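Read through the structure below, which is laid out as structure tokens, and then see the notes.
The values are calculated or read from the model by the stated rules, or taken from the named source; none is laboratory data. None of the values given here were measured: they were computed from a predicted structure. Using ideal geometry, Cβ is built from the backbone for each residue, glycine included, and neighbour counts are taken over all protein chains shown. All accessible areas refer to the heavy atoms of the entire protein, side chains included, with ligands and DNA or RNA removed. Shrake-Rupley method; radii C 1.70, N 1.55, O 1.52, S 1.80 Å.
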Amino acid sequence: MKTFLFYIVFIGLSTSIGGAQTIVDYSTLLDSASYYIRNNKSEKGKQILDFLKKETENNKKDSLNMIVLERFAFYHFLEGNYDESVKYAYDASTIAKSLGYRKMYFDLQNNIGAIFSKLDEYEKAKKTYKEILKESSIKEDTVGYISTLSNLGSSYSTLKQIDSSNVALAKALQLSRISKLVELEAAILKFMAKNNLDLKNYKGTIEIINILEDSLWNNLRENQKDDAIYYKAKANFELGNFSRALNEIEKALALSSVQKQDPAILDALNLKSQIFEKQNNYKLALDVQRQVTKLKDSFDLERRKEKILELERKYETEKKEKANAELKAEAFNKDLTISKKNNLILLLFIITASIIVLMVLWQLYRFKNKNYKLKVLIEQTVKLQKELDIIRDNIAKDFHDDLGNKLARITTLSDYVLKKNKEKNKTDMLDAFQIIKRDANDLYNGTRDFMFSLKSDSDAAESTFFYLADFTQEYVSSFDIELELNHNLEEEKLLPKYWNRQIILIFKEAITNAVKHSHAKKIELSFYCRENVLLVKCVDNGRGFDITKVNKINGISHMKQRARKIGCSISVESETKKGTTVVLEGEILNYNYLRNSL
């Protein structure tokens, strides 16, 4: 009696794989082919599959080709052509793997393993199942993974490698219980009962079948129930419980009778005959053996009839294919005669049309390329104009806020001195003149800074550094202060517009604070510019200050505002008696291309 039956599930994916066009054009044909194959009209189904195979070869539709090959495998399996079925299933699985349809790939590989088992090539089946388990995981496909483990256990069992079979089945049983897959659990227990029977552990076999009957019986298929009852009957027979064995074998035969030509009936009848013989009821044993012989003859006759029908189908198919080939050859010859006359005209037309199309496309490409360059230039011009407008506004605002205020104060103080000179004492007059002198000096320096920022070469990073260095040297020359100047600049590196003015004002403020308020003995001014990063740093060793208490005073606040105007970051670090460090850092965008384009 067969220890287990293989159930091949060839999965139809026409409604879930491939593009919308594949579904619309071919899904109905695929469904029709499957219907014919399953309902004893396999030749019609094969004709549809042959047509679809040609379509996939012409249109390079890999997903559709995969489904067609899978249906061919199904067709050959039902026809009993197992070698062909394996070939088509393997080709389909190869495409499924390349397209990333992993579940389809593993299902087809399981089918291949089952077909190998059908061919009694259990070593190949075992190898196939082990490869599947290496490539897959239970998280990816729980049912498929446990089923593969179960099939591997069955292959081991058939190869009489019972210990390995029990290991695989025990793992499958554990996973099926964790996943609450009761149908798989029932099937696995049935396999384990068979292993116990092969190991002559008859009590273990009966215990497992009792568990199935008590809690999982409805989760077994009819042919699985037939096998399970047969195992129990066989175990009872070996234990000498002939009455129980006879009772169980009658149940098995009742189930087997539903399946008209199940070879399991012969195994059950042979066991029944042996039971009668053990009970010394030789007449009944002989009657059962006669029944066995009659059934064998019936099965053989049915097989012969099926073989004759199969040969007749193949012969009719061959005749039809030969007739179709002759008709196609005749039609081809007629079409060839007509096509030769038209090919030259068609070729000339195609060449002429191609030349015209290429000329038009070339002109369109040139026109499009010019338009694109013009568009880019216009966008860059507009962008630069907006930036220049912003710079003009900022310059006007700075001029008004800085130089304008100082001029206004000089005018006011001059009027004050002229009008009130008789009423004021000498000290007041000197204070007023001192303020006028300081404002005039600031006005001169501010005008000088302003004029420098407008020069065409003032955007060079090197020019900005030297201007700031000149100011620092001139300013600290009246004090006992050591000055250290450092720079590391790329040649001809340009700063964005308006940066030079803000950088000069920020670090003039920092240097003035270091001299006037910090009373520094050493000032270090550094100016670095590499690739697109600018770093300017002023370090003094003066008395410093508590940054948390003076962070909001005008000097530091103005420095931060100016840094924000040009998109730079600035940090001011100071500690009492340890000096102050001011660092400005910014990313220089590339304006060279735009300047060169204008």
(message) Within region 122-279, what whole-number % of the accessible surface is contributed by carbon and sulfur, with the 1.4 Å probe and all protein chains included in the calculation?
(response) 50
(request) State the extension gain, in nm to one decimal, for the chain segment bounded by ALA353 and ILE338, taking 0.36 nm per residue of separation less the distance between their alpha-carbons. (result) 3.1 nm
(message) So, for region 103-173, what is the accessible surface per residue at a probe of 1.4 Å, expressed in square angstrom?
(response) 43
(message) Explain nothing, just compute: Karplus ³J(HN,Hα) = 6.51 cos²θ - 1.76 cosθ + 1.60, θ = phi - 60°, for every residue of region 220-236 in order, whole Hz, x for Gly and Pro.
(response) 9, 6, 4, 5, 6, 4, 4, 4, 4, 5, 4, 4, 5, 4, 5, 5, 4
(message) Can you give me the distance in nm between label points at LEU485 and SER526, each placed 7 Å from the Cα along the Cα-to-Cβ direction?
(response) 1.8
(message) Under a crude label model (7 Å from the Cα following the beta-carbon direction), how far is TYR372 from GLU43 in nanometres?
(response) 6.2
(request) Obtain the nm distance between the two label points defined at ALA170 and ILE345 by a simple spin-label model: each point lies 7 Å from its Cα along the Cα-to-C-beta direction. (result) 8.2
(request) Calculate, in nm to one decimal, what LEU295 and GLU379 gain on full extension: separation in residues at 0.36 nm each, minus their alpha carbon distance. (result) 21.0 nm
(request) Place a +1 charge on the Cβ of each Lys and Arg in region 185-232 and a -1 charge on the Cβ of each Asp and Glu, then give the dipole magnitude about the Cα centre in debye, rounded to the nearest 20. (result) 160
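Count neighbours as other Cβ atoms within 10 Å of each site's Cβ, and list the trypsin sites (Lys or Arg not before Pro) in region 115-165 that are DSSP loop with at most 10 such neighbours.
Loop-located and lightly packed - LYS139, LYS160.
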(request) Kindly state, to the nearest 0.05, the FRET efficiency for LYS180 paired with ASN281, given R0 = 41 Å and r defined as their beta-carbon distance. (result) 0.30
(request) Grab the Cα-Cα distance for LEU119 and LEU327, subtract it from 0.36 nm times how many residues apart they are, and report the gain in nm with one decimal. (result) 71.0 nm
(message) For a Förster distance of 56 Å, can you work out the FRET efficiency between the beta-carbons of LYS87 and SER243, rounded to the nearest 0.05?
(response) 0.65
(message) Taking θ = phi - 60°, what integer Hz values does the Karplus form 6.51 cos²θ - 1.76 cosθ + 1.60 yield along region 279-286, in sequence order, with x for Gly and Pro?
(response) 8, 6, 9, 5, 4, 5, 4, 5
